Amino acid sequence: MASNRGPQHGLDWRPAAQWDDEPRAEARWDKRPSKSAIEKLCRSVLAIPAHGTCKVSYFDDFRYNELYFVRTSATVASPTPTESTIAESIDTASSTSTSPATSIGTSIATIDGHAQEDNERGRDEDLPNYDNEGFQEGDLVISVSLPVYPRLKVRGEVATMRYLAAHAPNIPVPEVLAWDDTNNNEIGFEWILMKRMRGIPAWRIWRKLPWHSKVAFAEMLAGYQAQLIRLSSGFKRIGTMDTILEVGEGQGEPARGGVAVTPKLGPLVSSAFFLNDELDHGAARGPFRNSREWIEAEFQIIAYEQTVGISDWASQEQLDKGMETAERMRVLISKLFPVEDGQADDRAESTFLHHDDLDLYNILIDEDGRITGILDWQCVSAVPLWATLCMPTFLRVRDYMPYEEPQRDKYPDESDDERRRLRSTRELDSEGKCFSYWYERMGYDVTQLSEVY
């Protein structure tokens, strides 16, 4: 299908809301995908005849993707656990059970539970929601990608999921049915079609989980990360997996099934290399031989971003601060990664796959409280061991880390304003308690579970 679209067709960079004094831009959809185009593509890829069912429904945004549920004629109704039954079953689960799930999850890599108001596109109430109500066997999800890093982001995500599905069956990853890493298709964007899996995002019932289940959750997550490290111990470059086309797969054609025979690391797909529309910057993008090459490349991007890149809309004070930060980073790099005068650092460093966005929004659990899906594999890359030795996102240090468990009875009930806000958003039920209680409760969980992990 011939097309005159540029590689970043539909992408617009706009100044982001400022929560601090660091100016930045954020990626926005300049042109959104069409549900009718998605339906047409799904009918073609899945060979659904005109009289067959193919219902497409917008679900949500997920970082750099828009997500759509797809229900077809092949869908078969099946019972679905509710939030309450999952919480009850978790309450009785063994606190010592840390073995990973025994089957590959077929997930959407897409459910995002961020508390926010429904956006202007709305949500179709007759298809599954965050709590998995209405789930049916055969439900699919298509992830339409915002072209922040054309081709490489989608290729990396697909390659990583296919590699793990073949070589690490204990890690529940999405099952990819088809994908296209170009915008030369009916939708006009890159896309990945996946099976949807059962499960509820962990954030939805985190408040209801007994403590032993939270401990088991952290232990299981640590086990999965350890598997990733063992699996990828032979890598010698810093970069993101690149899809190896197989027989029958051509450029711009929907790729189906199969697994790359040999893992291949390509350029590093990291937000540092594309945020603020940095793709045109001349910095190296990998794959890198070692930590120094990687950090120096990111330094070049950051230095450019903090000076030239923001010159059109930043104040002089912000530009001066950016220059000072860039100089401090340059000095720090030379201290952390020293080299002999006049000598290039060409050592090949061992690297390991690392998922750097393990948040409660990206992890699904089943009726027993075990992890059934690890989602959002975009930007997952092979990095040095030191870069993998960090806490998962939901356990990273926050601004308040209480070491004493907050006592529920000592906190006031929720206010009328809080109650009204909860009714107008998708935030969790406050159970009648004020926001500060739940904030400090989560801080306590993070403090304790960090030691477990």
May I ask you to compute the full-extension gain from GLU324 to ASN4, defined as 0.36 nm times their residue separation minus their alpha-carbon distance, rounded to one decimal in nm? 110.9 nm
Non-local amide H neighbours of LYS433 (under 5 Å, H modeled in plane, Pro and chain starts lacking H): which ones? GLU414
How do 348-358, 4-14 rank on mean C-beta neighbours within 10 Å, highest first? 348-358, 4-14
Full-extension gain between CYS390 and VAL339, please, as 0.36 nm times their residue separation minus the C-alpha to C-alpha distance. 15.7 nm
Sort ASP368, ASP181 so the one with the fewest other Cβ atoms within 10 Å of its own Cβ comes first. ASP368, ASP181
In order through segment 407-415: 3J(HN,Hα) via Karplus (6.51 cos²θ - 1.76 cosθ + 1.60), integer Hz, x for Gly, Pro: 8, 3, 5, 8, 10, x, 6, 5, 7
Among residues other than ILE48 whose Cβ falls under 12 Å from its Cβ, what is the net charge (Lys/Arg +1, Asp/Glu -1)? +3
In this structure, among LYS208/LYS236; LYS321/LYS410; LYS236/LYS335, pairs with alpha-carbon gaps over 32 Å are LYS208/LYS236; LYS321/LYS410
Per the rule of 0.36 nm per residue minus the C-alpha distance, extending LYS40 to ALA284 adds in nm 83.9 nm
Phi angles of segment 63-69, converted by Karplus (6.51 cos²θ - 1.76 cosθ + 1.60, θ = phi - 60°) into ³J(HN,Hα) in whole Hz with x for Gly and Pro, give 6, 9, 9, 10, 10, 9, 7
Here the net charge surrounding TYR411, from other residues whose Cβ is less than 14 Å away from its Cβ (Lys, Arg +1; Asp, Glu -1), is -3
Using θ = phi - 60° and the Karplus relation 6.51 cos²θ - 1.76 cosθ + 1.60, list the HN-Hα couplings for segment 37-50 in order, rounded to whole Hz, with x at every Gly or Pro. 5, 5, 4, 4, 5, 4, 4, 5, 5, 8, 6, 8, x, 4
Amide H proximity to ASP30 below 5 Å, modelled H, separation 5+ or other chain, gives LEU11, ASP12
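Values quoted throughout were computed directly from the atomic coordinates according to the rules given, and no laboratory measurement underlies them. Model, not experiment: these values are computed from the prediction. With ideal geometry, Cβ positions are generated from the backbone for all residues, glycine too; neighbour counts draw on all protein chains shown.
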